[in-house]
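The values are calculated or read from the model by the stated rules, or taken from the named source; none is laboratory data. None of the values given here were measured: they were computed from a predicted structure. Neighbour counts are summed over all protein chains in view; Cβ atoms, including those assigned to glycine, are modelled from backbone coordinates with ideal geometry. When the accessible area is computed, the model is the full protein with side chains, heavy atoms only, and any ligands, DNA or RNA have been set aside. Shrake-Rupley method; radii C 1.70, N 1.55, O 1.52, S 1.80 Å.
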Amino acid sequence: QVQLVESGGGVVQPGGSLRLSCAASGTISSIYRMGWFRQAPGKQRELVATVLSENGGLTNYADFARDRFSISRDNAENTVFLEMNNLRVEDTAVYYCCANALSGGRVYDYWGQGTQVTVSS
């Protein structure tokens, strides 16, 4: 089992920045990838960015996030971060941390409770 706790959401003006954090606990060794998704009201949950635990921390970004967001990880602290810059109104959403873990040949997906990001003037 893996537990995820997000923090860092809030209200910011357009053009501002926020840094989200996600701390993992539990069976950390089974995690091979962590990432962030988001869900805006009335929309489906969508990928923001992911980072592998190994392979040099290979990252993957959604097109909207590639030039403004940065995902990073601190393996020693079992934490993944999402640095968001030049935020837009359309970035308003609940941001969820996700961890993919491999155990007994099966993949398990774990989710945090979500943190609200509101971009508004």
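The tail of the calculated P(r) for the chain beyond 18 Å holds 48 percent of all Cα-Cα pairs. Per residue, the average separation of C-alpha pairs within less than 8 Å and at least 6 apart gives the chain a relative contact order of 36 percent. Run through the DSSP bridge list for the chain and note the antiparallel percent, rounded to the nearest 5. Given both bridge residues lie in the chain, the antiparallel proportion sits at roughly 95 percent. Computed from the alpha carbon atoms alone, the convex hull of the stretch 71-121 holds 104 Å³ per residue.
Judged by a Cβ-Cβ distance under 4.7 Å, the unpaired cysteines of the chain are 98. When the inverse distances between all different Cα atoms of the stretch 1-57 are averaged and flipped, the Kirkwood radius reads 13.5 angstrom. Look at the dipole of the chain built from charges on Cβ: of 56, 3, 92, the Cα furthest out on the positive end belongs to 92.
Amide H to amide H, with H built 1.01 Å from N, residue 114 comes under 5 Å of 6, 97, counting only residues 5 or more places away or on other chains.
Note that the stretch 90-104 has calculated 3J(HN,Hα) couplings of 6, 7, 4, 4, 8, 9, 10, 8, 9, 10, 9, 10, 10, 8, x Hz, one per residue in order, obtained from phi through the Karplus relation 6.51 cos²θ - 1.76 cosθ + 1.60 (θ = phi - 60°); glycine and proline are x.
Amide H to amide H distances under 5 Å link residue 27 with 2, 3, where only residues 5 or more positions off or on other chains count and H is placed in the peptide plane. Sites count as exposed loop sites when they are GluC sites (Glu not before Pro), lie in a DSSP loop, and have at most 12 other Cβ atoms within 10 angstrom; the longest stretch of the chain without one is 1-53. Using a simple spin-label model with pseudo-atoms 7 Å out from Cα toward Cβ, residue 1 and residue 121 lie 4.7 nm apart. Considering all different alpha carbon pairs of the stretch 40-80, the Kirkwood hydrodynamic radius works out to 11.6 Å.
Net charge near residue 33, counting Lys/Arg +1 and Asp/Glu -1 over other residues with Cβ under 11 Å of its Cβ? Charge balance near residue 33 sits at -1. Heavy-atom surface analysis with a 1.4 Å probe gives the chain a carbon and sulfur content of 46 percent of its accessible area. The Cα center of the stretch 88-115 and the Cα center of the stretch 1-35 differ in position by 8 Å. Summarising the amide proton neighbourhood of residue 48: residues at separation of 5 or more, or on other chains, whose placed amide H is nearer than 5 Å comprise 36, 37, 38. About its Cα centre, the dipole of the stretch 1-97 is roughly 160 debye, where the only charges are +1 on Lys and Arg Cβ and -1 on Asp and Glu Cβ.
Computed with a 1.4 Å probe over protein heavy atoms only, the accessible surface of the stretch 11-71 comes to 56 Å² per residue.
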